Ligand SMILES: C[S@@+](CC[C@H](N)C(=O)[O-])C[C@H]1O[C@@H](n2cnc3c(N)ncnc32)[C@H](O)[C@@H]1O
């Protein structure tokens, strides 16, 4: 895809990275998330039999990247490849990334269609600069991130993402590390409550955490239906049934919506991934290139908004105080957030909560990774180490 002469410094090639169509010797090893790359290529995974994901805000995304359509664009959340396919059809070269090995059949389809113009890498977008460097590129012209789960992940009960479908309480996009069941059965009441409050913004987090801990004295919680029912029995439809917007009743949300969101965020370390992905994109998008991010809930949207807004100078608090200095402006032409049209929402209700934010990379040096000021909620004391410990505890390890 890139002129290899442009590579500025030699980056270690991630073991799990590979380009479809590379020779055997270029496939370097095992994917930590989903088994050996070799075996995944040898065994033809059938395309999942459910409807593939409908890309949201596609026209708006294409508009953002229109100025760089003859360049290289990283699709950091490949999914069913909706964005990759549409961008490649308009001439862009695509470096696609997804942490979920189950999307490979879709990647194979695009490889067949676009050949050398398309490569797929199994990995996390927090490392997208390393993946891009391993592809031989120093800079790219655009990065698009479409945060969250795909319809395929939600619709397959056995992935454990949805309270609408019974299945094992799993939620791991990359199929490794502690599952949602591990957290629900392994964390203490206080930690569970903090996690549900911080990542789900669920006001009744304490009552839910207590109900979980009471329940698991006798039984482990191992299915999505068990957890959904437990939450429903604990908080019912409270606060949910009478909301009105523009004179119409707002569609009821399942009472377990926020708990499932919180667990999914924790299991997949989603907010850390997002922050690291944004800073990673800042390092590899060339001056004049574009970054677009589609988010689906306020926690994520706030992070993206503040990441771009960090360019702006803080308002002067008082006329007696010196004007605060503007920091380096990593991003310019910050676009007004885009939402789906009513037509799109009618065709694809999932688009209702989507927000696209985008901006153009300026000439200034990339900033150092920083979580401060971005509004990342702290789930007190719930670190990856604790989640891993919770995982082994719930599986009966000493
Ligand atoms: C909303 S879907 C993307 C759909 C895609 N835009 C399309 O049009 O088909 C999100 C995808 O991102 C992947 N994903 C989520 N977090 C990720 C991360 N940190 N790194 C890499 N992939 C991630 C998920 O596995 C999922 O396949």
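The values are calculated or read from the model by the stated rules, or taken from the named source; none is laboratory data. All figures in this text were calculated on a predicted structure; none of them were measured in a lab. Ideal geometry is used to build each Cβ from the backbone, glycine not excepted, and the neighbour counts take in all protein chains shown.
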Requested in this report: Keeping to segment 69-106, report how many residues are touching a strand residue (DSSP E or B) at 6+ places or on another chain (Cβ under 8 Å), in a helix (DSSP H, G or I) and more than 9 Å from the ligand (Cβ to nearest atom).
Outcome: 4
Report task. Please work out which one of (1) touching a residue at least 60 places away in the same chain (Cβ under 8 Å); (2) closer than 28 Å to residue 234 by Cβ is the condition residue 132 fails and give its number. Result -> (2)
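Of these, 63, 113, which one is surrounded by fewer than 24 Cβ atoms within 10 Å (Cβ to Cβ), more than 14 Å from the ligand (Cβ to nearest atom) and in contact (Cβ under 8 Å) with a residue 24 or more places away in the chain? Don't jump to the end; show me each part of the working.
On the way: 63 fails: in contact (Cβ under 8 Å) with a residue 24 or more places away in the chain.
The conditions single out 113.
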Query raised in the report: Which condition breaks for residue 127 when tested against (1) under 30 Å from residue 331 (Cβ atoms); (2) free of Cβ contacts under 8 Å to residues at least 60 places away in the same chain; (3) crowded, with 19+ Cβ neighbours inside 10 Å?
Result: (2)
Report summary line: How many residues of segment 175-189 are touching a residue at least 40 places away in the same chain (Cβ under 8 Å) and surrounded by fewer than 21 Cβ atoms within 10 Å (Cβ to Cβ)? The answer is 3
**Report entry** Some residue of segment 28-46 being within 16 Å of the ligand (Cβ to nearest atom), under 30 Å from residue 345 (Cβ atoms) and modelled with pLDDT under 75
**Finding:** no
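Listed residues 391, 381; which is within 25 Å of the chain's Cα centre (by Cα), loosely packed, with under 14 Cβ neighbours inside 10 Å, modelled with pLDDT under 95 and under 30 Å from residue 195 (Cβ atoms)?
Details: 391 fails: loosely packed, with under 14 Cβ neighbours inside 10 Å.
The match here is 381.
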Requested in this report: State which residue pairs qualify: first residue in contact (Cβ under 8 Å) with a residue 60 or more places away in the chain and over 14 Å from residue 63 (Cα atoms) and inside segment 81-107, second residue near the ligand (Cβ under 8 Å from one of its atoms) and in a loop (DSSP other than H, G, I, E, B) in any location, beta carbons under 6 Å apart, and separation of 6 or more residues or different chains.
Outcome: 99/124; 99/173; 99/174; 100/173
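Return yes or no: is residue 194 under 28 Å from the mean Cα position of the chain (by Cα) and either buried (at least 22 other Cβ atoms within 10 Å of the Cβ) or part of a helix (DSSP H, G or I) (or both)?
Details: under 28 Å from the mean Cα position of the chain (by Cα): yes; either buried (at least 22 other Cβ atoms within 10 Å of the Cβ) or part of a helix (DSSP H, G or I) (or both): yes.
When the stated conditions are applied, residue 194 passes them.
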Report task. Note down all Cβ pairs under 8 Å where the first residue falls in segment 251-269 and is free of Cβ contacts under 8 Å to residues at least 60 places away in the same chain, the second is crowded, with 22+ Cβ neighbours inside 10 Å and in a helix (DSSP H, G or I), and they're at least six residues apart or on different chains. Result -> 255/231
Query raised in the report: Out of all the residues in segment 119-172, which are near the ligand (Cβ under 9 Å from one of its atoms) and out of contact with any strand residue (DSSP E or B) (no Cβ under 7 Å at 6 or more places or on another chain)?
Result: 124, 126, 127, 148, 149, 150, 151, 152, 153
